[in-house]
Amino acid sequence: MTEFVNKKDGQLALSHIAVAFIALFLGAVAGLLQTFVRSGEIELPAGIGYYQLLTAHGVLLGLVFTTFFIIGFLYSAVSRTTGALNTFSLKAGWIGFWFMTIGTSIATVMILLNKATVLYTFYAPLQASPWFYIGLTLVVVGSWVSGIGMFHQYAAWKKENKGKPAPLISFMAVSTMLLWLIATIGVAVTVLFQFIPWSFGWVDKINILLSRTLFWYFGHPLVYFWLLPAYMCWYVIIPKVIGGKIFSDALARLAFVLFILFSIPVGFHHQILESGIDPFWKFIQIVLTFMVIIPSLMTAFALFATFELSGREKGAKSLFGWFKKLPWGDVRFFAPFMGMLIFIPAGAGGIVNASHQLNQVVHNTLFVTGHFHLTVATSVALTFFGISYWLIPHLTGRTLTKKMNQLGIIQTVFWTIGMFFMSGAMHTVGLLGAPRRTAFTTYGDHPEALAWMPYKTAMAVGGAILFVAILLILYIIVYLAFWAPKGQEEYPIGEVSNDAEPTPLFFENWKLWIGISAVLIILAYTVPIIDMIQNAPPGSQGFKLW
Ligand code: HAS
């Protein structure tokens, strides 16, 4: 294992991270404008409307910021722990990067031209320009090439280190990309065989239910593709930052394997209220959804154990004495920690969503919007910021200064307060029945809508605080990349506790995990998909399977 990321590999990682933060800025501007347009406070020129801004916000933050940041971070982690990337992997990384960047640019231009106002889920019958779907295809293909690059580097390391488990963080990077590859098959199929032919006009109808099902086959593991890199930081980076040890290497690997197995065959929990799917299959997928909660509970357990063991080593005595021993003044810890803390209510909200009857109360309300602003936009985003504070200076040969550390802590506090108002209001007003994805102006003076108005103000206040937090993070990032003093910032990688059990090698039996994952997917999806095709409304298949 090397202490530093090789310079060439660092450039690859940095390029990804640069695109991620440009997307963060543009997506945040769209987010702020969207809040004002939605509440009817401003009207924008050139007919720029709520849904166009919402699409830009969702695509740039949910898809572009995350995917680019994740691939950049994963490449850096693989290079740091398995050594400089070999020629094939580095090339694959750059090819993937350019495919993704070109694809993103095409899709963004289409959104800006108002030719792809279809939201980030692009549900049919909303239709975008074919170029939007082609752009998305390039992003997916690019990410596959990047994934293959990482697999190649990992395989080369395994060949040279026969009989040894791969470094934990590289194992996690490979697991995350494997999950992504299996998941994106769904979106690739619907885009290539349904949306592109339909948007070019080669066929005049589309099987909506099938397209939504293929989307959610991808959409739920997508959220774990966002989450797992945050877990990589929580499991591997944080123990080192707090001066402790990784509680158990084997437990961490098991959690990642469980995500590969259970995060895909669960898409129906986004479609519980959709007709056309037999309740039996919905039930099966809800059961599997509850299975995918387990690795998160394991993660919570492991984190508490790491915190407690490290605190006790530093002399903490009472039941919660370890809490005081955590490095509260270190932003590399503080930002991800706030992400963890918020993941507790965020996860509870997910369990509410997944609980069949409760879903009837919250589905398509702002409660769901509140849920994902806590999960991806807080737990994941704050962790990604926490990573950036040391990763960017590490890659640019600079250091995280005391002042930037302090500013990072202020940024984290702003983000948390902003999200408390915004997401708190979304959860509450959602329970009162306020629909998601609807401009407030369309409510008119509907009596029920009057009760929602105070929450609208809370959301706007939260949104404004968040925008200030975005400006702060962008300033810090630019400072760390270009102006911070030269030096060497540590790339923290934790060591496993001496008391942990040895790691069994079967965790790297990929054939086994891919096999079980395939069986679960086939079990959960085959019959309902055949049903959807055979019982589609006349002429609406878009393509005929048989
Ligand atoms: Fe979700 C909708 C169910 C997790 C994102 N989710 C969404 C959407 C998004 C999203 C974007 O079943 C909207 C999609 C759309 O546009 O329509 N979600 C779940 C469940 C979980 C879950 C069961 N979601 C996530 C994560 C996301 C995310 C993670 C992004 C990263 N979600 C749903 C459902 C819907 C849904 C339904 C559809 C709703 C509808 O009707 O449309 C679970 O994975 C959650 C498990 C989490 C836990 C928490 C563990 C806590 C940990 C922290 C420990 C803290 C420590 C700190 C140690 C069990 C690990 C120390 C603390 C001290 C106090 C010292």
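Readers should treat all values here as calculations from the given coordinates under stated rules, not as data from a laboratory. Predicted model, so just to flag it, every value in this text is computed and none were measured. Methodologically, a virtual Cβ is constructed for each residue, glycine included, from the backbone with ideal geometry; neighbour enumeration extends over all protein chains shown.
From the helices alone, meaning DSSP H stretches of at least four residues, give me the mean residue ellipticity at 222 nm for the chain, per-run term -39500 (n - 2.57), in deg cm²/dmol to the nearest 500. Please report the intermediate quantities before stating the final value.
Numbers: 18 runs with 363 residues, N = 546.
Per the formula, -23000 deg cm²/dmol.
Do me a favour and compute the ellipsoid semi-axes for the stretch 1-96 from its Cα gyration tensor, root of five times each eigenvalue, largest one first, whole Å. Each step should come with its number before you reach the end.
Working: eigenvalues 288, 24, 15 Å².
Working from the Cα gyration tensor, I get semi-axes of 38, 11, 9 Å.
The modelled label-to-label distance for the pair Ile344/Ser105, using points 7 Å beyond Cα in the direction of Cβ, is 4.6 nm. Amide H to amide H distances under 5 Å link Ile246 with Glu495, Val496, Ser497, where only residues 5 or more positions off or on other chains count and H is placed in the peptide plane. Placing a label point 7 Å from the Cα of Thr87 along the Cα-to-Cβ direction, the residues of the stretch 157-191 whose backbone N falls under 19 Å from that point are 157, 160. Out of every Cα-Cα pair in the stretch 403-467, what percent are more than 21 Å apart? Result for the distance tail: 33 percent. Charging the Cβ of each Asp and Glu at -1 and of each Lys and Arg at +1, and nothing else, the dipole of the stretch 129-266 about its Cα centre rounds to 420 debye.
For the stretch 364-503, pairs of C-alpha atoms spaced more than 20 angstrom apart make up 57 percent of the total. Listed by number, the DSSP H helices of the chain that run 27 Å or longer by alpha-carbon position along their axis and have mean Kyte hydropathy of at least 0.0 are 7-38, 87-112, 130-160, 168-190, 208-232, 279-313, 331-354, 402-431, 447-478, 510-534.
Across the stretch 43-174 the C-alpha pair distances fall into 5 Å bins from zero in the proportions 2, 11, 18, 18, 13, 11, 9, 8, 6, 3, 1, 0, 0 percent. Kirkwood hydrodynamic radius of the stretch 7-534, from the reciprocal of the average inverse Cα-Cα distance over all distinct pairs: 23.7 Å. Along the axis of the charge dipole computed for the chain (Cβ charges of +1 for Lys and Arg, -1 for Asp and Glu, origin at the Cα centre), the listed residues Thr117, Ile477, Phe256 are led at the positive end by Ile477. Summing Cβ point charges (Lys, Arg +1; Asp, Glu -1) relative to the Cα centre of the stretch 7-534 gives a dipole of roughly 1140 debye. Considering only Leu63, Gly494, Phe507, the residue lying farthest towards the positive end of the dipole of the chain is Gly494, judged by Cα position with unit charges set on Cβ. For Lys205, the lysines whose Cα comes closer than 17 Å to its Cα, not counting residues fewer than 8 places off in the same chain, are Lys544. About the centre of its Cα atoms, the stretch 418-530 shows a dipole size close to 560 debye [charges on the beta carbon of Lys, Arg (+1) and Asp, Glu (-1) only; nearest 20 debye]. Which Cα, out of Trp216, Val287, Ile237, lies furthest along the positive dipole direction of the stretch 186-339 (beta carbon charges, K/R +1, D/E -1)? Result: Ile237. Normalised by 2.2 N^0.38 Å, with N the number of residues, the alpha-carbon radius of gyration of the stretch 340-395 equals 1.44. Every Cα-Cα pair of the stretch 145-263 was included, and the share exceeding 16 Å stands at 68 percent.
Among the trypsin sites (Lys or Arg not before Pro) within the stretch 136-187, those in coil by DSSP and having at most 13 neighbouring Cβ atoms inside 10 Å are Lys162.
Among the trypsin sites (Lys or Arg not before Pro) in the stretch 316-373, those located in a DSSP loop and surrounded by at most 15 other Cβ atoms within 10 Å of their own Cβ are Lys317.
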